[in-house]
Amino acid sequence: MITVSNVGLRYGDRKLFEDVNIKFTPGNCYGLIGANGAGKSTFLKILSGELEAQSGHVSLGPGERLAILKQNHFEYEEHEVLQVVIMGHTRLYEVMKEKDAIYMKENFSDEDGMKAAELEGEFAELNGWEAESEAAILLKGLGINEDLHSKKMADISGSEKVKVLLAQALFGQPDVLLLDEPTNHLDIGAIQWLEEFLINFENTVIVVSHDRHFLNKVCTHIADLDYSKIQIYVGNYDFWYESSQLASRMANDANKKKEEKIKELQNFIARFSANASKSKQATSRKKLLDKISLDDIKPSSRKYPYVAFTPEREIGNDLLRVENLTKTIDGVKVLDNISFIMNKDDKIALVGKNELAKTTLFRILMGEIGPDSGSFKWGITTSQSYFPAENSEYFSRNEQTLVDWLRQYSPNDQTESFLRGFLGRMLFSGEEVLKKPEVLSGGEKVRCMLSKMMLSGSNVLLMDEPTNHLDLESITALNNGLINFKGSLLFASHDHQFVSTIANRIFEITPSGLVDKQVTYDEYLEDTKLQKQVADMYK
């Protein structure tokens with residue numbers, strides 16, 4: 001358990017937290033959410049002791065141990081992978097090193113023998129004899145094969161380092177586990193393994209993540225950082241989001257009687273309870289949901305951008321034909337005889353590990369680069385709009401303001417008041433529309449690119465990782481906008497919920513060609529998992 005008492009923190013005139021009082025209790029997983037810049041990562045640093053609050057204090061239960069996911073991926077370059085994981089339990093690692101140093105002595109005294117015996121006792125109490133096997137199990141679960149366990153951190157890839165540091169945080173059953181964006185750079189298999197690990201973890205977890213599917217799977221509670229306070233809500237992210245929207249509607253409907261509001265709340269809770277999974281966390285969460293009253297749900301201060309893509313022209317049946325596209329980059333064949341026909345109403349997700357292959361296909365289809373061989377043809381009724389994975393070239397043209405930047409993409413030479421209003425719906429209000437485009441943050445640039453696409457009126461959208469750099473509110477708005485989009489879509493994203501709620505067709509580019517499945521993303525993952533299990537049986 002970790003207790004936060006009257007914690008406050010200011011940066012100059014800006015108040016991040018004020019009089020925060022919370023108990024994070026064992027058996028629960030808390031998703032810490034808040035708008036960008038609200039102070040989520042800062043709050044985790046206060047909990048871990050890395051940063052000191054200006055008022056109040058944080059305390060752990062007696063004898064309890066806290067672990068945190070390290071963000072410095074180059075901190076342990078000269079250490080072996082397995083040892084880095086065990087370092088997650090600081091005291092156990094110290095005992096191991098001290099014990100080994102004594103046994104290495106040439107002149108082993110009686111005093112050394114007594115000290116060694118004392119350390120052996122502590123080593124056993126800390127479950128030291130199981131340390132290497134536990135570390136190996138964690139690494140394997142995250143996809144780090146045994147042949148890498150004895151390698152130095154300097155000799156493994158960046159994505160592998162991320163997994164090792166995650167295993168380090170999970171090691172040794174910490175009493176309190178703090179995770180800041182733990183799914184970043186993880187493949188789908190590692191994410192699914194981590195979800196199962198946290199669902200079955202019996203101690204306290206506090207996690208910050210932009211992955212809504214992950215928050216929905218693992219969280220029993222949401223800790224909402226809003227108005228400089230942190231409010232705890234029972235349920236996962238979807239429950240918090242829907243309940244905050246419900247609270248806003250209720251607050252705006254002054255004429256509705258309290259009895260009607262209570263009935264609406266009861267129906268709302270019943271729907272979420274019925275959809276709960278069979279996991280132990282969901283079962284305990286369901287019991288808590290049933291106790292929620294009207295006073296427990298509150299409107300959020302969050303602002304959601306307005307995202308809606310409206311095609312100016314209805315799309316015909318002849319949309320896109322791709323035949324035998326092949327492309328080699330830097331001596332590596334990234335596309336090999338790719339062929340497909342894109343149909344009206346298709347919303348196709350490009351999935352798989354080969355990021356370069358996906359981006360290369362987008363760039364060829366948009367005419368930015370040519371294929372080595374093969375061809376493609378867009379239908380005459382189509383108009384395309386493109387969201388590239390890298391957008392910096394769009395913001396280096398010395399436009400004076402955001403209004404000027406957007407005007408160049410406005411097909412009807414719209415008035416300044418129209419462009420200001422349009423930017424306002426994308427959360428650029430007041431003087432923000434006068435910003436220079438080159439000084440925008442990553443998330444602000446993405447919102448500008450989405451504005452450009454919305455103004456185009458295109459009936460086919462191509463989007464390469466559009467959720468990168470966006471906060472949860474913007475991801476949710478974009479997600480809903482693409483669900484409602486009446487045109488066709490080809491996109492790539494690592495956001496599970498984004499893909500699973502939008503796509504009705506899945507493409508995976510493999511070394512042997514294109515896998516084309518007319519299924520949902522969850523059906524695709526289930527089929528892939530089953531195929532792997534069958535393959536493993538015959539190894």
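The values are calculated or read from the model by the stated rules, or taken from the named source; none is laboratory data. This one's a predicted model, so the numbers in the text were calculated from it and none came from an experiment. When we count neighbours, we look across all protein chains shown, and the Cβ atoms used for this are built from the backbone with ideal geometry, even at glycine. When the accessible area is computed, the model is the full protein with side chains, heavy atoms only, and any ligands, DNA or RNA have been set aside. Shrake-Rupley method; radii C 1.70, N 1.55, O 1.52, S 1.80 Å.
Being open to solvent by less than 10 Å² (accessible area, probe 1.4 Å) and in the same structural domain as Ile348 (by the TED database) is true for just one of Val460, Val515. Which residue is that?
That would be Val460, the only listed residue that is open to solvent by less than 10 Å² (accessible area, probe 1.4 Å) and in the same structural domain as Ile348 (by the TED database).
Are there any pairs, at least 6 apart or on different chains, whose C-beta atoms fall under 8 Å, with the first in segment 348-368 and within 21 Å of Ser383 (Cβ to Cβ) and the second open to solvent by less than 60 Å² (accessible area, probe 1.4 Å) and in a helix (DSSP H, G or I), and if so, which?
Leu350/Lys358; Leu350/Leu361
Please verify whether segment 48-64 includes one or more residues that are assigned to a loop (DSSP other than H, G, I, E, B), open to solvent by less than 50 Å² (accessible area, probe 1.4 Å) and in contact with a His (Cβ under 8 Å, 6 or more places away or on another chain).
No, segment 48-64 has no match at all.
Report the residue count in segment 379-406 for those that are open to solvent by less than 50 Å² (accessible area, probe 1.4 Å) and either in a helix (DSSP H, G or I) or out of contact with any helix residue (DSSP H, G or I) (no Cβ under 8 Å at 6 or more places or on another chain) (or both).
9
Have a look at Glu438, Glu444 and point out the one that is at pLDDT below 90, in a helix (DSSP H, G or I) and farther than 19 Å from Asn216 by Cα.
Glu438
What are the residues in segment 65-87 that are assigned to a loop (DSSP other than H, G, I, E, B) and either within 20 Å of His185 (Cα to Cα) or open to solvent by 60 Å² or more (accessible area, probe 1.4 Å) (or both), if any?
Leu69, Lys70, Gln71, Asn72, His73, Phe74, Glu75, Tyr76, Glu77, Glu78, His79
Condition test on Gly113, is it among the small types (Gly, Ala, Ser) and part of a loop (DSSP other than H, G, I, E, B)?
no
For segment 357-378, give me each residue that is exposed (fewer than 15 other Cβ atoms within 10 Å of the Cβ) and not in a loop (DSSP other than H, G, I, E, B).
Those that are exposed (fewer than 15 other Cβ atoms within 10 Å of the Cβ) and not in a loop (DSSP other than H, G, I, E, B): Ser373, Ser375, Lys377.
Taking segment 124-146 on its own, how many of its residues are more than 29 Å from the chain's Cα centre (by Cα) and either under 22 Å from Pro182 (Cα atoms) or open to solvent by less than 10 Å² (accessible area, probe 1.4 Å) (or both)?
Matching residues across segment 124-146 total 2.
Output yes when any residue across segment 236-247 is part of a helix (DSSP H, G or I) and modelled with pLDDT under 80, and no when none is.
No, because not a single residue in segment 236-247 is part of a helix (DSSP H, G or I) and modelled with pLDDT under 80.
Search segment 247-260 for residues being among the hydrophobic types (A, V, I, L, M, F, W, C) and surrounded by fewer than 17 Cβ atoms within 10 Å (Cβ to Cβ), and hand back the single one that is farthest from Ser41 (Cα to Cα).
Among those residues, the one meeting the criterion is Ala254.
Looking for whichever is surrounded by 12 or more Cβ atoms within 10 Å (Cβ to Cβ), assigned to a loop (DSSP other than H, G, I, E, B) and free of Cβ contacts under 8 Å to residues at least 60 places away in the same chain here; the options are Ile292, Ile315. Which one fits?
Ile292
Name the residues in segment 427-447 that are open to solvent by less than 10 Å² (accessible area, probe 1.4 Å) and in contact with a Phe, Trp or Tyr (Cβ under 7 Å, 6 or more places away or on another chain), would you?
Result: Pro437, single match.
In this structure, is Tyr93 open to solvent by 20 Å² or more (accessible area, probe 1.4 Å) and touching a residue at least 12 places away in the same chain (Cβ under 8 Å)?
Answer is no for this residue.
Does Ile22 satisfy the condition of being closer than 30 Å to Lys217 by Cβ, β-branched (Val, Ile, Thr), in the same structural domain as Ala67 (by the TED database) and under 24 Å from the mean Cα position of the chain (by Cα)?
So Ile22 does not fit the description; no.
Could you check how many residues of segment 86-128 are closer than 14 Å to Arg65 by Cα and small (Gly, Ala, Ser)?
The qualifying residues number 1.
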